[in-house]
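The values are calculated or read from the model by the stated rules, or taken from the named source; none is laboratory data. This is a predicted model, so every value here is computed, not measured. Note: ideal-geometry Cβ built from the backbone for every residue, glycine included; neighbour counts use all protein chains shown. These area figures cover heavy atoms from the full protein model, side chains too; ligands, DNA and RNA do not enter into them. Shrake-Rupley method; radii C 1.70, N 1.55, O 1.52, S 1.80 Å.
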Amino acid sequence: MSDQFIGVDVGGTKIATAALEAGELTESRIVDTEQGSQEALLEQLARAIETERSRRTKAVCIGMPSIIEFATGRVLASVNIPLHDIPLRAQLSERVGVPVYVENDAGCAALAEAFEGGRITCSHLVMLTIGTGVGGGWVLGGRLYRGPTTSAAEVGHTIVGRDLAEGDTAGGDPFPQEGSLERLSSGRALDRLAEAAASEYPTSHLGKARAEKGRVDGYDVVAGAQAGDEPARYCLRVLGERLGVGIANAINTFDPLEVVIGGGVSRAGDLLVEPARESALRHVVPGLVLHTVIRIALHGPRAGVLGAALLAAQEYAESTGSNLQDIVAGEAAT
């Protein structure tokens, strides 16, 4: 029977858990994220793993919107979940009885998008995940780049819109800071755009949705835009143009072969990608973007959980001297 590797994708609102076995990822189990306390979320993660775990489980990886010390699996800090300065790998490995690795969620998603058939197929890839916040993951030279000590690619906290003409009078803002990519281009930013559009255009799709439900959010924007509602399309265009500035920064810095947009907001597809691409082209150094593809994640919102499972398999393969492709395909089980 094939070895099994569990991926857990932790977001600010949802947790998805799935298992990778014989090259196939099971359907995700999805629950609302426990935001009450660090202890409550830790207990929820343990239950999620134990629910998915079987006798064939060899390793687990948890992807989360946090700064991670990967070598120890310690969560140093988080923005949208209540985990801070906690040895998560050690605590959960002891609890569930198999190795548990901890990685930044966008790094997991980047790994999934660079993989095909158990091997890296895109050696230089930048991943931007647009969900509750904005995350990033870099695959450089065929390997996930983490930085020398912790979790690199905190692209959501790069500043793309602050006016410093009169000096940085707003310094010291809590994260996400004013002018950051996360403040301007996240799912929460889209929620704010939706509310403003609903107020300005009460007879639009967004205006009617708020009148019916009392509020609107990014889900209503995507639904309305896909139905042809112009205020909803405008919201996505604004978000996409802001995102494009962040994409341009990534291209100017890394000259990747692919820039991949994932996360929940990515379900908007071309309605998000086209304004992002147009904006990126306006801000990229001429000549750099000639070989860069800007696209939606192939695995959609499942990229994070798939990448986490792949990383668990990758770490297991390295620790046992096994062939990763054989493990992923289910050909190396004992």
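Observations on the model:
- Per-residue accessible area (protein heavy atoms, 1.4 Å probe) orders T57, T320 as T320, T57, starting from the largest.
- The dipole here belongs to the range 226-298: it is taken about the Cα centre, uses +1 on the Cβ of Lys and Arg and -1 on the Cβ of Asp and Glu, and is about 80 debye.
- Based on protein heavy atoms only, the chain ends up with 44 Å² per residue of surface accessible to a 1.4 Å probe.
- In percent, rounded to a whole number, the relative contact order of the chain is 21, using alpha-carbon pairs under 8 Å and six or more apart.
- For G23, the residues whose amide H sits under 5 Å from its own are G330, ignoring neighbours fewer than 5 places away on the same chain, with H placed 1.01 Å from N.
- The largest accessible area among L76, L184 belongs to the first residue in L76, L184, and the rest follow in falling order (1.4 Å probe, all chains).
- Rounded to 10°, Cα long-axis angle of helix 230-254 versus longest principal axis of the chain: 60 degrees
- Those trypsin sites (Lys or Arg not before Pro) in the range 1-99 that DSSP places in a loop and that have at most 12 other beta carbons within 10 Å: R55
- Counting only lysines at least 8 places from K14 when in the same chain, those with an alpha carbon closer than 25 Å to its own are K58, K213.
- The overall shape of the range 112-239, judged from the alpha-carbon gyration tensor, is oblate: a/c is not under 1.5, and a/b is no greater than b/c.
- Site-free segments of the chain were taken between GluC sites (Glu not before Pro) in DSSP loops having at most 12 other Cβ atoms within 10 Å, sites themselves excluded; the longest one is 167-334.
- Global form of the range 200-334, assessed from the alpha-carbon gyration tensor, a/c cut-off 1.5: oblate
- Full extension of the segment from E43 to R119, taken as 0.36 nm per residue of separation minus the current Cα-Cα distance, would add 24.0 nm.
- Available extension along the chain between E318 and L290 is 6.5 nm, counting 0.36 nm per residue and deducting the alpha carbon span.
- Looking at the chain alone, DSSP beta bridges between its own residues are antiparallel in about 60 percent of cases.
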